[in-house]
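These notes concern the structure reproduced below.
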Amino acid sequence: MYRDAKAREASVEGAAFALPSSCAACPVRDSAICCVLDQSGLAALSRFGRRISLAAGQTLLWEGEEAVAVGNLLSGMLKLSALTGDGREQIVGIVHPSDFIGRPFGKESPYSVTALTDATLCVFGRTAFDAFAREHAAIGQALLERTLTELDRARHWMLLLSRKSACERVASLIVEIADRADGGSAIDLPLTRQQMGDILGLTIETVSRSLTRLKRAGIISLPSLRRIVLNRPGELRAIADG
C-alpha cells in the first residue's frame, strides 16, 4: 500500500477519506498532539486532516521513501520498523492510540509504519502540516515534548536490552503494552512471538519459555496465542522492574 510517493500523497490529501465532523468526537482528543490547540487552531488544522483506515499488515510509510504524511493514531496499533544490512526487519517501536507518527520537517521517513492491527488514523500531508506548525508555536512545542518523551523511552529500552534477563524483558514488554492499552487485567497482544523477540533481542524459543515460566508461576494466563491475562500484575511489574 502507498509504495508510489505520488499515490500516497494523493491518498493522504484526496477527498476519498472523510474528514471527521468534529474534533470533539475524536477518541484521543485530550491526549493527541493537537490537544494543545485552541478552537481556532483546531478548525484550521481540521481543514486539511483526513481520517483513514489501515488493515492489519498494511503500510502507510516506507523506510527511506518520501515522508508524505504525519498524523495521530486514533485506534489500533502500528509498528515502526527498519531493515538491517542483511535485509532483516527490526521493529524499533510500537505506536499506540494518541501517538504521533511521521517525520515533520523531514523529507524521508527513517522507518516504515505498518499496522499491527486494524487501525484508524487522522493524517495530514506533511508539507501542509509543516507550514501549519511554523505558524502555531504550540504545536512546535508539543512536537518537541513528544520527541523528548520518545528519546527517554528509547533510552529505557537500551537499558532493558543491556541489563535485564530474558524473563524481565518479556515482563517489561507486557507491562508497557498493558499500561498503554489501559484495558484492565487482560490484553490482546498485537505481536507474534517472533516480533516480541525482535523487539527484545531474544529468540522466539526464549520468548516462549519466558511466557511459559510466567504462566506456570500463576502470574499470567495465556488463554490463546494473542491473549494475556494479568493474574498478579503487581508481581509482573516487580519482575519487569528487575
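Throughout, read-outs are computed from the coordinates displayed, never taken from laboratory work. Here the structure is a predicted model, which means the values were calculated and not measured.
For the chain, what does the helix formula give at 222 nm: sum of -39500 (n - 2.57) over DSSP H segments with n ≥ 4, over the residue count, nearest 500 deg cm²/dmol? Write out the running numbers ahead of the final one.
Values: 8 runs with 100 residues, N = 242.
Counting only the DSSP helices, I get -13000 deg cm²/dmol.
Taking 8 Å as the Cα distance limit and 6 or more residues as the minimum spacing, I'd like the relative contact order of the range 5-157 as a percentage. Mind dumping the intermediate values first?
On the way: 283 pairs, mean separation 44.0, N = 153.
That works out to 29 percent.
Quote to one decimal, in nm, the extra length available between ARG213 and ASP118 on full extension: 0.36 nm per residue of separation minus the C-alpha distance between them. Walk me through the numbers on the way to the answer.
Values: separation 95, 0.36 × 95 = 34.20 nm, distance 3.05 nm.
That works out to 31.2 nm of additional length.
Each residue of the range 189-195 in order: what ³J(HN,Hα) in whole Hz does its phi give by Karplus 6.51 cos²θ - 1.76 cosθ + 1.60, θ = phi - 60°, with x for Gly and Pro?
The phi angles translate into 6, x, 10, 6, 4, 5, 5 Hz.
Give me the extension gain from ARG29 to GLU108: residue separation times 0.36 nm, minus the current Cα-Cα distance, reported in nm with one decimal.
25.7 nm
Apply the Karplus parameterisation 6.51 cos²θ - 1.76 cosθ + 1.60, with θ equal to phi minus 60°, to every residue of the range 125-136 and state each ³J(HN,Hα) to the nearest whole Hz, in sequence, with x for glycine and proline.
For the range 125-136, the Karplus curve yields x, 4, 4, 5, 5, 4, 5, 4, 5, 5, 8, 10 Hz.
Expressed in nm to one decimal, what extension gain is obtained for the pair THR84 and ASN231 from 0.36 nm per residue of sequence separation less their Cα-Cα distance? All intermediate terms of the calculation are to be shown ahead of the outcome.
Details: separation 147, 0.36 × 147 = 52.92 nm, distance 3.72 nm.
Value of the extension gain: 49.2 nm.
³J(HN,Hα) across the range 56-69 via Karplus (A = 6.51, B = -1.76, C = 1.60, θ = phi - 60°), whole Hz, x for Gly/Pro?
Along the range 56-69, the couplings run 3, x, 7, 10, 8, 10, 10, 3, x, 9, 4, 7, 8, 9 Hz.
Of the residues GLN90, GLN39, GLN194, which exhibits the maximal mean-square fluctuation in a Gaussian network model of the chain defined by a 10 Å Cα contact cut-off?
In the Gaussian network model the winner is GLN39.
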